[in-house]
Amino acid sequence: MNTYVAFFRGINVGGNHLLPMKELVAALEQIGAQKVRTYIQSGNAVFESTEKNLAHLSKQLSAEINMRRGFEPHIHILTLEALSKAIAENPFPEAVIAPSSLHLGFLSASPKNPNLEKLAALRTSSERFLLTEHVFYLHAPDGVGRSRLAANSEKLLGISMTDRNWKTVCKVMEMAS
């Protein structure tokens, strides 16, 4: 069995794409997942599966949710090793004292031609970011909701991502360990 983390994008936000966690658990179990646990309503799950192809697993789960709820969410599935590496490579360790100000954007693929110059131009004097092959780290001490950098990062990276704050990332890792 392999332990995986699934981050769902855009579910249960603003009354759209509603997916109760009990139904999310049932969908995962329907595709063969075991020992499913969830964290908060925004779509964070830890589970075990014999499947090794993460893209296939994501497609299966998205299709199962579409059958149940009528929409196909973007799902980013990570191995424990990948999540652990993202945590270990945090370039802003001093920011963990305010965990809601530190965000990790998990990328669906490695960006081919990110516009780093435009990203840098959008940041405020207090904001910092770092792009790695699989994660976009953003420290926004004045709040990610007011950040023009945060609002435009996905477009300027040219790749879809799903974002989690430091507290959520650490809690999900704790659940998975």
- prompt: Say the cut-off is 27 Å between C-alpha atoms; which of LYS59/LYS85; LYS22/LYS167; LYS112/LYS171; LYS35/LYS112 go over it?
  reply: LYS112/LYS171; LYS35/LYS112
task: Could you look at the stretch 1-74 and say what percent of its accessible area is carbon and sulfur, using a 1.4 Å probe and all protein chains?
output: 48
query: For the stretch 50-57, in order, what is each residue's ³J(HN,Hα) by Karplus, 6.51 cos²θ - 1.76 cosθ + 1.60 with θ = phi - 60°, in whole Hz (x at glycine and Pro)?
result: 7, 5, 9, 8, 5, 5, 5, 4
statement: For the stretch 95-101, in residue order, the Karplus 3J(HN,Hα) values (coefficients 6.51, -1.76, 1.60; θ = phi - 60°; whole Hz; Gly and Pro = x) are 7, 5, 5, 10, x, 7, 8
- prompt: What is the Cα centroid distance between the stretch 29-64 and the stretch 145-161, reported in whole angstrom?
  reply: 26
query: What angle, in degrees between 0 and 90 and rounded to the nearest 10, separates the Cα long axis of helix 21-30 from the longest principal axis of the Cα atoms of the chain?
result: 60
message: If you fit an axis through the alpha-carbon atoms of helix 166-176 and take the longest principal axis of the Cα set of the chain, what angle between them do you get, 0 to 90°, nearest 10?
response: 30
message: Taking all protein chains in place and a 1.4 Å probe, what share, in percent, of the accessible surface of the stretch 76-126 do carbon and sulfur account for?
response: 55
query: Which shape class, rounded, prolate or oblate, goes with the stretch 1-94 when its Cα gyration tensor gives a ≥ b ≥ c as root eigenvalues, a/c under 1.5 marks rounded, and past that a/b bigger than b/c marks prolate?
result: oblate
field: Cα-based reach from LYS118 at 16 Å (exclusive), listing lysines while leaving out same-chain residues under 8 positions away
entry: LYS155
query: For the stretch 70-137, what does the alpha-carbon gyration tensor say about shape, rounded, prolate or oblate, given a ≥ b ≥ c as the root eigenvalues, a/c under 1.5 as rounded, and a/b over b/c as prolate?
result: oblate
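Excluding ligands, DNA and RNA, what is the solvent-accessible area per residue of the chain at a probe of 1.4 Å, expressed in Å²? Show your work: numbers first, answer last.
On the way: 9060 Å² over 177 residues.
Heavy-atom accessible area per residue stands at 51 Å².
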- prompt: In nanometres, what is the gap between the two model label sites at GLU174 and THR3, each 7 Å from Cα along Cα-to-Cβ?
  reply: 1.4
message: Per residue of the stretch 114-124, what does 6.51 cos²θ - 1.76 cosθ + 1.60 with θ = phi - 60° give for ³J(HN,Hα)? Whole Hz please, x for Gly and Pro, Karplus curve as stated.
response: x, 8, 5, 5, 5, 4, 4, 5, 7, 6, 7
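Within the chain, what's the longest run with no trypsin sites (Lys or Arg not before Pro) in a DSSP loop and at most 16 other beta-carbon atoms within 10 Å? Give the range, please. Present the calculation step by step, with values, prior to reporting the outcome.
Details: sites that count: LYS52, LYS112.
Within the chain, the longest run free of exposed trypsin sites (Lys or Arg not before Pro) spans 113-177.
The values are calculated or read from the model by the stated rules, or taken from the named source; none is laboratory data. As the structure is a prediction and not an experimental result, all values here were calculated from the model. Every residue, glycine as well, gets a Cβ built from its backbone with ideal geometry; the counts of neighbours run over all protein chains shown. Surface areas here come from the heavy atoms of the whole protein model, side chains and all, with no ligands, DNA or RNA. Shrake-Rupley method; radii C 1.70, N 1.55, O 1.52, S 1.80 Å.
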